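Here's the structure, in structure tokens; my notes come after.
Coordinate-derived values only; no laboratory data. Remember, it's a predicted structure, so these values are computed and weren't measured experimentally. Using ideal geometry, Cβ is built from the backbone for each residue, glycine included, and neighbour counts are taken over all protein chains shown.
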Amino acid sequence: MEKPSTHTVIVYSGGMDSTVLLYNLIGGGIKTAAISFDYGSRHNQRELPMAKAFCQSLNVSHQIVPLTFVPELFKSALLCSGAPIPEGPYDVLTMKQTVVPFRNAILMGIAVGYAESIGAAEVVLASHGGDHAIYPDCRPEFNRAFAEAVRLGTDHQVSVRFPYENLDKRDIGDLGRRLGVDFYRTWTCYKGGEHHCGVCSACRERKYALRHEEGIDPTIYLYSGGYT
């Protein structure tokens, strides 16, 4: 039997974490396809063109799936339909406002169906250890439960992996630098403006991840101060 042309499907936003994971997969010789989602977030318009450009440069098959129902039905400051993006440190009170209910499960569920349809063996997501306190669908216990549901729901045809669940964002930044990722071409800011704002909690975490205080962060910020 002919082997499928794709082994792994990556849920790919165009942000720094998923871009590092994409480079990780391609560098490891894993046949990979990418799937991105336009779910009405404020920064989709900035992330998705970057995701498309990276996939083209790496010769990776790329699908962008519109999910127009999300901003119509769900409540989150991350969505264009939501309240303003909070500013300040990356903490529970600030970041809970940006939770999109059950987002990862929805995105991965579609990616799993896509993987099964094209004969891919696994789906990967770049959620990391720094997300655990804020986002319930990034925690290890969720990951294990979802992986088991996928195993049963696909009759053992597809598995899911979360390779970075025990890393923090600085670990991922350091790994990406070793892999040659151009972080200038990735997006993080939740506001989705022309440049990274530098003051939302996502920008503050990006500064930490890319060692802004050491002068090696290539990002242009409207406010270039520290991340604490």
So the FRET efficiency between residue 72 and residue 145, C-beta based with R0 = 41 Å and rounded to 0.05, is 0.90
Any lysines whose Cα falls less than 28 Å from that of residue 52, other than same-chain ones fewer than 8 residues away, would be 3, 31, 75, 169, 191, 207
So, with points 7 Å from each Cα along the Cβ direction, the residue 213-residue 96 label distance in nm works out to 2.8 nm
Here the relative contact order (percent) of the range 120-195, from C-alpha pairs under 8 Å and at least 6 apart, is 36 percent
With the label point 7 Å along the Cα-to-beta-carbon line of residue 59 and a cut-off under 12 Å to each amide N, the hits in the range 170-206 are none
A chain fully extended from residue 38 to residue 161 at 0.36 nm per residue, minus the present Cα-Cα distance, gains in nm 42.1 nm
FRET efficiency (residue 81, residue 195; Cβ distance; R0 30 Å; to 0.05) is 0.80
Ordered by number, the GluC sites (Glu not before Pro) in the range 150-214 that occupy a DSSP loop and have at most 14 other Cβ atoms within 10 Å are 194
From DSSP H assignment alone, runs of 4+ in the chain each adding -39500 (n - 2.57), the sum over residues rounded to the nearest 500 puts [θ] at 222 nm at -11500 deg cm²/dmol
